[in-house]
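The values are calculated or read from the model by the stated rules, or taken from the named source; none is laboratory data. Being a predicted model, the structure only gives us computed values, none of them experimental. Here the Cβ positions follow ideal geometry from the backbone for every residue, glycine too, while neighbour counts run over all protein chains shown.
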Amino acid sequence: MERFGLVGLPNAGKSSLYNALTGGGALAAPYPFATKDPNIGVAMVPDERLEQLSEMSKSKKTIHAQVEVVDIGGLVEGASTGEGLGNKFLANIREVDAIVFVLRAFVNDDIVGPSDPLEHLRVVEIELALADLETVEKRLHQTKRAAKLDKSMVDETEALQAAYDALADGLPLYRAGLSDDVREALHPYFLLTNRRVLVVVNVGEDDLDAIPEHEARVAAEFNNAGDNVEIIGMCVQLEAEAAAITDPEERAEILEGFGLGEGALFRMVRSAYHLLGLRTYLTTGEQESRAWTFHEGSTAPVCAGRIHGDFQRGFIRAEVIQWDQLLELGSWNKAKEVGKMRVEGKDYVAQDGDVMEFRFNV
């Protein structure tokens, strides 16, 4: 299961966001380092397509895709040199697949720390970039020496040099304009800033109307990041309170009452899911309807292997139809009758929203 980590300064709202996403019981306290060890939980990826297919099939169970959420202790200035939780904090970040920056944009005299999200962003980016710079510098010295004898090391050395040049200027790699090939060459080093980033701008309860303004202000800092960064503004406190309501209709009423629509949490999870390059195919039937996660570009046999290894090893073919087409026709059998069900082989590249059934033999 892919995981994303919540990163930010103390009191930015990370633990409250974690609780809202996972239903967890992380301590959310108005003082630094309430979270010393990472909290780890699972967040459901909401998918209306799955709900509709489950209703069509009258499924006994509906199983959504999931991602793992890690609530990492607060970052402080100087973390790269051991301040605060220091190296322990940075090690926890290295273990996640994508990073969610939580930036505080609310004023509360009872909570210490800055209320300017750009100040939060400055500290977080500098500390992560400095930690990466130390890693890259050590490796660059090694590869330069090795490349003199082994020409196959030249590309790796050039990638490290490009990373060093950016990081030395205080620029995180996700907005340094590096090519995909360079970033791929850097992948084995698990650099903190060589990932896509989701930014949550956490506003106060009385500042909901200003969310677009806060988003735009933060987005201006990422004007050269391309599709490596996505920004969502929300009031974490309100979202957490709504998420704690178990009755879906009551929760929807609360969100609607605050003018929050479906809620930013759903948008955030979907955004994080897609930032990781994850997509969803679906299966549906009387017993269960289920969302299955696959990486963009995966073939049908690889997707089959998400269910069971035997499905991939003995793959024969996949029967495929897009979810909306299937809903329009009303049933799997009807889709076959009218010839809308496609038969795909081993080379078929799965698409987000495919409904698939596999034939295999082992």
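Details
- Against the numbered list (1) closer than 20 Å to L130 by Cα; (2) surrounded by 14 or more Cβ atoms within 10 Å (Cβ to Cβ); (3) in contact (Cβ under 8 Å) with a residue 24 or more places away in the chain; (4) of a type in the set (A, V, I, L, M), V200 comes up short only at (1).
- Answer residue from segment 177-232, given it is part of a helix (DSSP H, G or I) and of a type in the set (V, I, T) and is farthest from V136 (Cα to Cα) among those: I211
- Number of positions in segment 162-176 that are outside any helix (DSSP H, G or I) and among the small types (G, A, S): 2
- Number of residues in segment 245-260 that are outside any helix (DSSP H, G or I) and of a type outside the set (S, T, Y) equals 5.
- Elements of the type helices (runs of 4 or more DSSP H) sitting completely within segment 265-362 and holding at least 3 residues that are under 29 Å from the mean Cα position of the chain (by Cα): these cover 300-307, 309-313, 323-329.
- Selection within segment 14-68: residues that are polar (S, T, N, Q) and under 30 Å from W332 (Cα atoms). The member of this set that is modelled with the lowest pLDDT is Q66.
- Filter result for A242 (in a helix (DSSP H, G or I) and in contact with a Lys or Arg (Cβ under 6 Å, 6 or more places away or on another chain)): yes
- Residue match in segment 335-343 (condition: small (G, A, S), surrounded by 16 or more Cβ atoms within 10 Å (Cβ to Cβ) and outside the structural domain of S57 (by TED's automatic domain parsing)): yes
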